[in-house]
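Worksheet for the structure shown next.
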Amino acid sequence: MTKIFNFLFVSLFISLFASCAGQSKRLQFDAELTQFKYPFPVKEYQFESQNQKMVMAYGDLNSSSKRVAVLLHGKNFSGYYWDQIAQDLVQKGYRVIIPDQIGFGKSTKPRSYQYSMQQLALNTSKLIKSLKIEKYHLVGHSMGGMVATHLASMTNSVSKLTLINPIGLENYLRYVEFKDVDTFYKNEKKKSVEAFRNYQKKNYYDGKWAERYEALLTPFKGWRAGEDWELVAWNNALTYQPIFANEIVSLFPHLKVPVTLVLGTRDRTGPGRGWKRAGVTKKLGLYQKLGREIKKLNPKFVTVINLKGLGHMPHFEDYNRFSKVFYPLF
């Protein structure tokens, strides 16, 4: 992939979302982001879960191809941010499925739901089965990496598992206090656009900021100004607990498919580091060490690719460098 092509594609991406970013100052987005246009067509998978009717939004690109990649988003995003990777995979001949998990993006925001990584993985599996897909390369970023790891452990349909800076590479509850949903809800309700931007700037991009990063905040801006913000914030809170309750470290020794960890080693994401248990001195989120520790659990199937100097969003921070190690996996 040439630098010129990447420049043109990123420019298109920026242009697409910049227009939405300008509108977000005027728009108030509802819970399902009805007013926010994704960069690809969005379909709906309707199903029942926990005695409720659910709608799972998803993209399905190049549906005629038999080679399939499934992309699972992280906690602070939804499917829209996979656009560049999805388009490049289509160019490589892949069908690309991009779900919004329940509670995220354009999918249902239930008022009551027992969230778990296993439940999100099961919902994803049902969607994929409804599309008559038997085998697929599963990719997960951040929290999506946790969902993807559970899904790979629950089914024989995953042919390869690629995890981009997944959280969960250490068992957080061994080191931090348990917090209830009310705590997370209070934090979410008062979260401002400025606070959200500053968090990402500090933790994702090494104190730097760019227009393409700002564009990714558009859904949050519209939600924060919209009438459904409390419902969105409540779902954001509900989806925090599984990060602590549904660890994935114990799953890695049992995985029997090729697993590749693509890690920006500057990443320091460590959920719960603000409320460590008394006496705990361990530093959380040392990704330059976490990859080696996970590989030791399953050296036959786990491969680690370290991207030195990059953080939690390597596919946005330096797409050229990321693509050189990512696309050879397909």
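The values are calculated or read from the model by the stated rules, or taken from the named source; none is laboratory data. This structure is a prediction, so every number in the text was calculated from the model and none was measured. Cβ atoms come from the backbone with ideal geometry, glycine included; neighbour counts cover every protein chain shown.
Below are the figures for this structure:
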{"read-out": "Residue among THR260, THR218, THR269 that alone is in contact with a Cys (Cβ under 8 Å, 6 or more places away or on another chain) and modelled with pLDDT of 95 or more", "value": "THR218"}
{"read-out": "Whichever residue in the range 283-308 is in a helix (DSSP H, G or I) and in contact with a helix residue (DSSP H, G or I) (Cβ under 7 Å, 6 or more places away or on another chain) and, among such residues, is nearest to THR162 (Cα to Cα)", "value": "ILE294"}
{"read-out": "Cβ-Cβ under 8 Å pairs, at least 6 apart or on other chains, the range 149-176 side farther than 21 Å from TRP82 by Cα and without any contact (Cβ under 8 Å) to a residue 40 or more places away in the chain, far side hydrophobic (A, V, I, L, M, F, W, C) and surrounded by 22 or more Cβ atoms within 10 Å (Cβ to Cβ)", "value": "MET154/ALA121; SER157/ILE128"}
{"read-out": "Some residue of the range 242-253 being surrounded by 20 or more Cβ atoms within 10 Å (Cβ to Cβ) and in a strand (DSSP E or B)", "value": "no"}
{"read-out": "In the range 173-195, residue farthest from VAL280 (Cα to Cα) [restricted to those that are β-branched (Val, Ile, Thr) and part of a helix (DSSP H, G or I)]", "value": "VAL193"}
{"read-out": "Residues located in the range 130-163, provided they are of a type in the set (S, T, N, Q) and over 19 Å from VAL90 (Cα atoms)", "value": "SER130, SER142, THR149, SER153, THR155, ASN156, SER157"}
{"read-out": "Output for the range 156-183, where each listed residue is closer than 19 Å to HIS73 by Cβ and surrounded by fewer than 22 Cβ atoms within 10 Å (Cβ to Cβ)", "value": "LYS160"}
{"read-out": "Only one of SER107, SER153, SER159 that is among the hydroxyl-bearing types (Ser, Thr, Tyr), at pLDDT 95 or above and assigned to a helix (DSSP H, G or I)", "value": "SER153"}
{"read-out": "Yes/no for GLY311 being assigned to a loop (DSSP other than H, G, I, E, B), among the small types (Gly, Ala, Ser), surrounded by fewer than 18 Cβ atoms within 10 Å (Cβ to Cβ) and modelled with pLDDT of 95 or more", "value": "no"}
{"read-out": "Lone qualifier among SER116, SER65 - being of a type in the set (Ser, Thr, Tyr), surrounded by fewer than 19 Cβ atoms within 10 Å (Cβ to Cβ) and free of Cβ contacts under 8 Å to residues at least 60 places away in the same chain", "value": "SER65"}
{"read-out": "Checklist (1) surrounded by fewer than 16 Cβ atoms within 10 Å (Cβ to Cβ); (2) outside any helix (DSSP H, G or I) applied to THR269, failing item", "value": "(1)"}
{"read-out": "Meets criteria (in contact with a Ser or Thr (Cβ under 9 Å, 6 or more places away or on another chain) and at positive phi) for ASN165", "value": "yes"}
{"read-out": "Residue that is farthest from LYS276 (Cα to Cα) [pool: residues in the range 178-216 that are among the hydrophobic types (A, V, I, L, M, F, W, C) and within 17 Å of the chain's Cα centre (by Cα)]", "value": "ALA215"}
{"read-out": "Qualifying position, being touching a Gly at 6+ places or on another chain (Cβ under 7 Å) and either crowded, with 17+ Cβ neighbours inside 10 Å or in contact (Cβ under 8 Å) with a residue 40 or more places away in the chain (or both), among GLU317, GLU293", "value": "GLU317"}
